[in-house]
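See structure below.
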Amino acid sequence: KLAMEFPSEDIFLMTASPVIKAVTNFKQVSKTLEEFDVEEQPSSLLEKRYPNIKVIHSGVKQLKSDEHKIFTEDGKEYMYEKLCLCAGAKPKLIFEGNPYVLGIRDTDSAQAFQKKLAQAERIVVVGNGGIALELVYEIQGCEVIWAIKDKAIGNTFFDAGAAEFLIPKLTAEKRETPIECKRTKYTMEGSEEKERPTAASDKLGSALGPDWHEGLHLKGTKEFSHKVHIEILCEVKKIHLQQEFIQLQRTSLTFPKDEKNVEPDEVLWPVYVELTNGKIYGCNFIVSATGVVPNVEPFLDGNNFAVGEDGGLKVDKHMHTSLPDIYAAGDICTAAWEPSPVWHQMRLWTQARQMGWYAAKCMAADTLGESIDLDFSFELFAHVTKFFNYKVVVLGKYNAQGLGLDHELMLRCTKGQEYVKVVMQNGRMMGAVLIGETDLEETFENLILNQMDLSAYGEDLLNPDIDIEDYFD
């Protein structure tokens, strides 16, 4: 975007990774919903397309904001007029530095995971967001103990009702062939030909797209397909290596048969996980899929950034940080403007792309001395993804975020086919979760955006015999 706006200016893109992420096959599904593919491409492609872009392959060592200078790991320094920080986030590991704990967030860690899984008979997955959800669904031939701190799975995207709707898919032995999925295809460029050095956990790979598990063979050593046991309302208290566990003289449990787990385990495992509910399970390794923290480290030293509660660099509604000429976008930043009543920040691909695009517009407007309005994409939270082979659309305050007790929910559910939930407040639609091919996303998007009073329709709003779109064209 910047390269198009300022063809005669030099634009430097600094990246520690040899490839860059490009958005391809972009489709505007509705006013606020977008679908796109994310592909890794060699940086030379970008330089060919825009001669004024120079890609610098090096991590940032230090930022001296008062001097408008960036120092890179390879010992060079660069002056900037305007700077945008888009360094993303890194996985929040439950225990740092433990060789049996794998954090999953990027292509490199997903590949390391695949290698380990090939030898695994049992793993423990910790976390309850999108990556944990997809992971548990995709793994076959390996026992999975899934520890979640909530009552129901997928709390970041769903409520307990949606979780109940999805659970049968987890235990189904027979896997249907995936529906052709028209969304972010995620490739690992060139990974077949040459073995990539595995990223150490402190090195940042590139963040995973929504289909990161496609093309990874997530199969363990056992011959059965799906074995998942969920431990709810608990977290990991301690991790014991085999020797420590033997000295503890405590009992670990086998994989539960028929949901009853009372059997002590005779097998010796490389590592043991003690949960806060008192249970101990042995396993080959632990996957920490417990979210991310903004990657602000390299930039804080010596610079007085305002930082949000979630650790991100605070940005105003023009994506400025608190320091002059420095902007931030994507996972590294914290939206510190007064948000629209039906938008909130979530560290997702769609928001990172929107923020990056908008930050470029803001940098251009500032340079030219023009004013600019907050981008329309921040009017309504809207995200489309896929879980357990169902299309999933979440809109607005889909989990009644911040609405307190002053709201009501309406539901429509056809087992194995669709799940529709809307969040209503004072007769107005504030949010929705749509699972399956409901074709309601555009209608609901409009109803949330225009805040029309829907009290008159009552329960008929979700009546499957009424074509709701005809009402609200």
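The values are calculated or read from the model by the stated rules, or taken from the named source; none is laboratory data. Predicted, not measured: the structure shown is a model, and the values here were computed from it. Backbone-built Cβ (ideal geometry, glycine too); neighbour counts: all protein chains shown. For accessibility, only protein heavy atoms count, side chains too; no ligands or nucleic acids. Shrake-Rupley method; radii C 1.70, N 1.55, O 1.52, S 1.80 Å.
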**Study point:** Backbone HN-Hα couplings from phi across region 16-33 [Karplus 6.51/-1.76/1.60, Hz, Gly and Pro as x]
**Key:** 7, 9, x, 10, 10, 8, 10, 8, 10, 6, 6, 10, 8, 6, 8, 3, 10, 8
**Study point:** Between region 274-348 and region 384-443, the alpha-carbon center distance in angstrom
**Key:** 26 Å
Check your understanding: Tell me, what HN-Hα J-couplings in whole Hz come from the Karplus equation 6.51 cos²θ - 1.76 cosθ + 1.60 at θ = phi - 60° for each residue of region 409-414, using x for Gly and Pro?
Key -> 10, 10, 10, 9, 9, 10
Exercise for review: For region 346-433, run through the trypsin sites (Lys or Arg not before Pro) and keep only the ones in DSSP coil with at most 12 other Cβ atoms within 10 Å of their Cβ.
Suggested key: Lys415
**Study point:** Built amide H within the under 5 Å cut-off of Asp150, gap 5+
**Key:** Leu233, Cys234
Point to revise | From the C-alpha gyration tensor of region 63-160, square roots of 5λ in Å | key: 37, 18, 11
Check your understanding: Counting only residues 5 or more places away or on other chains, whose amide H sits under 5 Å from the amide H of Val292 once H atoms are built in the peptide plane?
Key -> Lys92
Review point. Non-local amide H neighbours of Met14 (under 5 Å, H modeled in plane, Pro and chain starts lacking H): which ones?
Key: Ile56
Review point. Using a 1.4 Å probe, what is the accessible area per residue for region 1-149, in Å²?
Key: 46 Å²
Practice item. Any of Lys21/Lys64; Lys21/Lys169; Lys227/Lys421; Lys31/Lys391 with alpha carbons more than 23 Å apart? Name them for me. Key: Lys21/Lys64; Lys21/Lys169; Lys227/Lys421
Check your understanding: For region 243-329, which whole-number percentage of the solvent-accessible area (1.4 Å probe, protein heavy atoms only) is attributable to carbon and sulfur atoms?
Key -> 50 percent
Review point. Per residue, what accessible area does region 382-471 have, given a 1.4 Å probe and all protein chains present, in Å²?
Key: 44 Å²
Check your understanding: On full extension of the chain, what length is gained from Glu459 through Leu411, given 0.36 nm per residue of separation minus the C-alpha to C-alpha distance?
Key -> 16.4 nm
Check your understanding: Got a number for carbon plus sulfur as a percent of region 382-471's accessible area, 1.4 Å probe?
Key -> 44 percent
Check your understanding: For the pair Val267 and Gln62, how long in nm is the line joining their label points, each one 7 Å along Cα→Cβ?
Key -> 5.1 nm
Review point. Once a ≥ b ≥ c are taken as the square roots of the eigenvalues of the Cα gyration tensor of region 320-417, is the result rounded (a/c under 1.5), prolate (a/b larger than b/c) or oblate (a/b not larger than b/c)?
Key: prolate
